[in-house]
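See structure below.
The values are calculated or read from the model by the stated rules, or taken from the named source; none is laboratory data. Keep in mind that this is a model prediction, so the values were computed, not measured. Cβ sites come from the backbone with ideal geometry, for glycine too, and all protein chains shown count toward neighbours. Heads up: the accessible areas ignore ligands, DNA and RNA and are worked out on the full protein's heavy atoms, side chains in. Shrake-Rupley method; radii C 1.70, N 1.55, O 1.52, S 1.80 Å.
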Amino acid sequence: MTAEIRNSELPSEPGADRKRKILIVEDEFVNREILSAMLASEYEVIPVGSGADAEEALRRQFGEISLVLLDLNLPDRHGLDILRELKDDPRTSKIPVIVLTSDKEAEVECLNVGAIDFIPKPYPIPKVVQARVRRTIELSEDRDLIRYTERDHLTGLYTREYFYRYAAQYDVYNRDVQTDALVLDVNHFQMINERFGKQYADGVLVRIARAIVSAVGASGGIACRRSADMFLVYCPHLLDYQAFLDGIVTAACGEDKGRIRIRLGVCAGADKSVEMQTRFDRAKIAADTVRGSFTDCVAFYDNAMHEKEIYAERLLDEFQAAIDGKQFSVYFQPKFDVRPEKPILSGAEALVRWIHPELGVISPGVFIPLFENNGLIRMLDHYVWQETVERIGEWKRKFGCTVPVSVNVSRVDMLDPDLVETLVDLIRGGGLEFSDLHLEITETAYTEDARQIISTVNRLRETGFVIEMDDFGSGYSSLNMIATLPIDVLKLDMAFIRNVFRENGNLRMLKVIVEIAETLSVPMIAEGVEKEEQLNALREMGCAMVQGYYFSPPLPPGEFEKHIREWLPQGREKE
Amino acid sequence: MLTVEKLRAFGANVEEGLQRCVGNETLYLALVKKAIRDPAYDQLREAAEKKDLDRGFEIAHALKGVTANLSLTPLCDLISGITELFRHKTDADYVPIAAAIIAKRDELTALDN
């Protein structure tokens, strides 16, 4: 399981002008000549008469020899010893060996040591010998090809496709054994790669693979490298998974204890009627629940996760019907300019709610991540944009003024080459100005696909859209980003605001950000403001705009209109 | 000169031997000539004289393989007999048996003259 596979181990396919090579080790000249005569038309024959000559030929050409025909009684050595050495050496262990013998007693021992077949003496007719040789080479090459494709080249573990097949095969022969599906995921592997280099990172993966094999191999467990830094293990139930993981982490770290953290998800003893892949999906779900934790690194798939999974599947299944049946409602959370004594309504953020006929109101925190994972988010975003444009147009007509509304633009939308055109069509179709619709792009999008995102953002800004950077402070924010990225408005992350006020001391950090935004003339909106003291502190620092439950939760369009009437100075209904 | 006809008359299964040599008569006859000049026959006699059963088995076993592959049946049958005696370390007088083998081999050698 641990043997590393190198390209050189795959026999090169002989071209039209190249024959496969067969080494004939037989001390009797006559016998050697007869075999050579039988095989010479199809193969390049290398006849040798002693063990020493055989070793020399193998040493020189081990990568090229397709088959060894081995006599047992050689003048200098016994054929069995040569066979043993061939099979013990990783360079030659894959070369098939046919033993030339009529000694029945030797046959069993030869098979045990690794011979693949026998040719008796006197030799059978040439056709029989040729057929055996041909078949042996074919089988061996097929096996090499399988081995080459079934193993991950770096770690020697199974590749995913073969792993699932072998796992299913394991079940066939071990129906009554409680078998667990495990997922091991290295936390922040990309960082290890970047900080310590690919060679070091590869070494970590190889050490993890070896540690897994040594932990579960003896009990019949099998393992695969699922992706760059994720391993799957299918093994008989272990009693102490924390100890198992500790062993793997210690082996993976080598000298650098503490540098590598691995999370382990276990789907323990699942009903064998559950599809193999599903069991590993569940182990992965469990593993991801401890993604950020420093203390708990092992998680078991349990009933609560199962319920959540079923719920998620239901939401995904019903997505299209919900779009068609207009179950998604767009709510509007007002944004206020808090610089004047009496805050002024300055805009809103469009937020989607799923009003499910049976499940009631479903929070976007539940369904947005689901849709983000499979691309449905694009369809939902388009739906929200369309609804929002219609609302803005309606209010424009009704109140004779504009309330700019920001909508979320997901990362996948940003990768859509037609995004700008789509938005332009939408604005034109609704009879709006580009500045009426603000676009919120999450901060992490800027860090992930920076170049493409920035170029798309530039095109959107040139068209006239206002770009708000969403969730600032939630990811890898740097102040440098504010200065270099093309943005019009900075939205401070809700959780960031909460943390700042919870920890009291960090108000200075917030102050610095507000000041820098001011220096760069980038207006800032603070999200998630819930309390008066938060509002006062933000105001004092010079934060211009505020959004949050302190003023209003997200409201259905009808409710939001009340705010327009109340706060907008010119908000008078047209006749 | 050795011919397949002479070999057939000697009792060799020429068709079978030739077939193993992929029908190549020249090769077959050359290999027979090589086989009957094998110094192992003298070594077999020495082993018989010394009653060195292990060495005798080794030599006889090898000769049996060669003569069987060439289908030199009358010679091969004699060699098979002594091989089994050596294998089972039978307490026998090996000298006349080895002599009979060498005489049979000499018959073949005579065919080449």
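Are there any pairs, at least 6 apart or on different chains, whose C-beta atoms fall under 7 Å, with the first in the range A:107-129 and within 11 Å of another protein chain (Cβ to nearest Cβ) and the second among the aromatic types (Phe, Trp, Tyr), and if so, which?
Qualifying pairs under 7 Å: A:Val129/A:Tyr123.
Residues to consider are A:Val407, A:Val424; find the one that is modelled with pLDDT of 95 or more and either small (Gly, Ala, Ser) or not in a helix (DSSP H, G or I) (or both).
Testing whether each residue is modelled with pLDDT of 95 or more and either small (Gly, Ala, Ser) or not in a helix (DSSP H, G or I) (or both) leaves just A:Val407.
Any residue at all in the range A:375-391 that's without any contact (Cβ under 8 Å) to a residue 40 or more places away in the chain and not in a helix (DSSP H, G or I)?
Scanning the range A:375-391, I find at least one residue that is without any contact (Cβ under 8 Å) to a residue 40 or more places away in the chain and not in a helix (DSSP H, G or I), so the answer is yes.
Could we say that A:Val30 is within 13 Å of chain B (Cβ to nearest Cβ), open to solvent by less than 40 Å² (accessible area, probe 1.4 Å) and either in a helix (DSSP H, G or I) or modelled with pLDDT of 95 or more (or both) here?
Judged against the criteria, A:Val30 is a match.
Condition test on B:Val32, is it surrounded by 19 or more Cβ atoms within 10 Å (Cβ to Cβ), of a type in the set (A, V, I, L, M, F, W, C) and touching a residue at least 40 places away in the same chain (Cβ under 8 Å)?
Yes, satisfied.
Please enumerate the residues belonging to the range A:33-69 that are away from chain B (no Cβ under 14 Å), of a type outside the set (Ser, Thr, Tyr) and touching a residue at least 40 places away in the same chain (Cβ under 8 Å). Walk me through it before giving the result.
First, pick out the residues of the range A:33-69 that are away from chain B (no Cβ under 14 Å): A:44, A:46, A:48, A:51-68.
In the following step, the residues that additionally are of a type outside the set (Ser, Thr, Tyr) were identified as A:44, A:46, A:48, A:51-65, A:67-68.
Of everything in the range A:33-69, those that are away from chain B (no Cβ under 14 Å), of a type outside the set (Ser, Thr, Tyr) and touching a residue at least 40 places away in the same chain (Cβ under 8 Å) turn out to be A:Gln61, A:Gly63, A:Glu64, A:Ile65, A:Leu67, A:Val68.
From the list B:Ser80, B:Ser71, which residue is within 12 Å of another protein chain (Cβ to nearest Cβ), outside any helix (DSSP H, G or I) and among the hydroxyl-bearing types (Ser, Thr, Tyr)?
B:Ser71
Residues A:Val389, A:Val409, A:Val420, A:Val424: which one is in contact with a Lys or Arg (Cβ under 9 Å, 6 or more places away or on another chain) and either crowded, with 16+ Cβ neighbours inside 10 Å or not acidic (Asp, Glu) (or both)?
A:Val420
Test of understanding: among B:Ala110, B:Ala99, which residue is out of contact with any Asp or Glu (no Cβ under 7 Å at 6 or more places or on another chain), assigned to a helix (DSSP H, G or I), open to solvent by 50 Å² or more (accessible area, probe 1.4 Å) and within 16 Å of B:Pro39 (Cα to Cα)?
One residue alone meets the criteria, B:Ala99.
Checking A:Arg339 against (1) without any contact (Cβ under 8 Å) to a residue 12 or more places away in the chain; (2) part of a loop (DSSP other than H, G, I, E, B); (3) not assigned by TED's automatic domain parsing to the domain that holds A:Asn187, which test does it fail?
So A:Arg339 meets the others, but not (1).
Name the residues in the range A:212-232 that are buried (at least 20 other Cβ atoms within 10 Å of the Cβ) and in a helix (DSSP H, G or I), would you? Write out each step before concluding.
The first filter runs over the range A:212-232 and keeps only residues buried (at least 20 other Cβ atoms within 10 Å of the Cβ), leaving A:212, A:215-216, A:221-226, A:229, A:231-232.
Across the range A:212-232, the qualifying residues are A:Ile212, A:Ala215, A:Val216.
Being over 15 Å from A:Pro122 (Cα atoms) and either under 49 Å from the mean Cα position of the chain (by Cα) or crowded, with 18+ Cβ neighbours inside 10 Å (or both) is the filter here, so list the residues in the range A:38-48 that pass it.
The answer is A:Leu39, A:Glu42, A:Tyr43, A:Glu44, A:Val45, A:Ile46, A:Pro47, A:Val48.
Could you grab me the full set of residues in the range A:94-106 that are crowded, with 20+ Cβ neighbours inside 10 Å and within 10 Å of chain B (Cβ to nearest Cβ)?
Once the filter is applied, which keeps residues that are crowded, with 20+ Cβ neighbours inside 10 Å and within 10 Å of chain B (Cβ to nearest Cβ), the range A:94-106 yields A:Leu100, A:Thr101.
Please go through the range B:3-23 and give me each residue that is within 22 Å of A:Met38 (Cβ to Cβ) and either of a type in the set (Asp, Glu) or in contact (Cβ under 8 Å) with a residue 12 or more places away in the chain (or both), ordered by number.
Of everything in the range B:3-23, those that are within 22 Å of A:Met38 (Cβ to Cβ) and either of a type in the set (Asp, Glu) or in contact (Cβ under 8 Å) with a residue 12 or more places away in the chain (or both) turn out to be B:Val4, B:Leu7, B:Ala12, B:Asn13, B:Val14, B:Glu15, B:Glu16, B:Gly17, B:Leu18, B:Arg20.
Is at least one residue of the range B:38-53 without any contact (Cβ under 8 Å) to a residue 12 or more places away in the chain, within 12 Å of chain A (Cβ to nearest Cβ), out of contact with any Pro (no Cβ under 8 Å at 6 or more places or on another chain) and of a type in the set (Lys, Arg)?
no
Which count do you get for residues in the range A:531-570 that are assigned to a loop (DSSP other than H, G, I, E, B), modelled with pLDDT under 90 and open to solvent by 40 Å² or more (accessible area, probe 1.4 Å)?
Qualifying residue count for the region: 3.
Of everything in the range A:233-260, what is farther than 17 Å from A:Thr155 by Cα, in a helix (DSSP H, G or I) and open to solvent by less than 50 Å² (accessible area, probe 1.4 Å)? Give them in sequence order.
Matches in the range A:233-260: A:Tyr241, A:Phe244, A:Leu245, A:Gly247.
Go through the range B:61-113 and give me each residue that's among the acidic types (Asp, Glu) and under 16 Å from A:Asp103 (Cα atoms).
Here is the first cut: in the range B:61-113, the residues among the acidic types (Asp, Glu) are B:77, B:84, B:91, B:93, B:106-107, B:112.
Hit for the range B:61-113 is B:Glu84, nothing else.
Being in contact (Cβ under 8 Å) with a residue 40 or more places away in the chain and outside any helix (DSSP H, G or I) is the filter here; which residues of the range A:493-526 pass it?
A:Asp493, A:Val522, A:Ile525
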